Amino acid sequence: MEELPPIRKNLTAAAFKHLDVNRSGFLDLDELKGKFEPARHPDVLKGLKTVDEAKFEFFNLFTSLHSANKGFKNEKSVSYEDFIEYHSIVNTQIERDAEFRSFITGVWNMDVKENLIPESGKPAIHFCGQ
């Protein structure tokens, strides 16, 4: 498999760090699936895929890759290496770095910061830069 170019590897590493909120070095497979935002996938935004198609494609590829890497055991932890490997496959399908950045930033909501609204305890979502 082709290694990620440095700029894309750095973006992927930043996404992993963004998702690894407890800094354990591992992500939970089910949580990861829940954090994937297919509505922000560049192909969905361009009208080339539906939200369901993008979600199915991610679930199918990531789950298959993860299962194969874990010897088809019911292992739920996703390592940094697993995450990089998935994005190395996606990398081959995205020609320009700007498109790869849009993919990573969008599907993993890296431009969204969540905090709590004072006194309500409810999440407030802000897009970074706003």
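The values are calculated or read from the model by the stated rules, or taken from the named source; none is laboratory data. Just so you know, these numbers come straight off a predicted model, no measurement behind them. Here Cβ is always computed from backbone atoms with ideal geometry, including for glycine, and neighbour counts include all displayed protein chains.
Every condition in (1) closer than 22 Å to Arg96 by Cα; (2) hydrophobic (A, V, I, L, M, F, W, C); (3) in contact with a strand residue (DSSP E or B) (Cβ under 6 Å, 6 or more places away or on another chain) holds for Phe16 except the one numbered (3).
Residue count for segment 70-84, restricted to those that are surrounded by 17 or more Cβ atoms within 10 Å (Cβ to Cβ) and either touching a His at 6+ places or on another chain (Cβ under 9 Å) or of a type outside the set (Val, Ile, Thr) (or both): 3.
Per the listing Lys55, Lys113, the residue uniquely among the basic types (Lys, Arg), at pLDDT below 95, within 18 Å of the chain's Cα centre (by Cα) and not in a helix (DSSP H, G or I) is Lys113. All of Ser24, Ser67 fail the test of being more than 20 Å from Glu95 (Cα to Cα), surrounded by 14 or more Cβ atoms within 10 Å (Cβ to Cβ) and of a type in the set (Gly, Ala, Ser), apart from Ser67. Here segment 94-106 is the region considered, the condition is being in contact with a helix residue (DSSP H, G or I) (Cβ under 8 Å, 6 or more places away or on another chain) and either of a type in the set (Gly, Ala, Ser) or within 14 Å of Lys46 (Cβ to Cβ) (or both), and the residue that is surrounded by the fewest Cβ atoms within 10 Å (Cβ to Cβ) is Glu99.
Mind checking whether some residue in segment 64-87 is within 19 Å of Asn10 (Cβ to Cβ), in contact (Cβ under 8 Å) with a residue 24 or more places away in the chain, in a loop (DSSP other than H, G, I, E, B) and within 13 Å of the chain's Cα centre (by Cα)? No, every residue in segment 64-87 fails to be within 19 Å of Asn10 (Cβ to Cβ), in contact (Cβ under 8 Å) with a residue 24 or more places away in the chain, in a loop (DSSP other than H, G, I, E, B) and within 13 Å of the chain's Cα centre (by Cα).
Among the residues of segment 35-49, at least one is closer than 14 Å to His87 by Cα and either within 11 Å of the chain's Cα centre (by Cα) or crowded, with 18+ Cβ neighbours inside 10 Å (or both).
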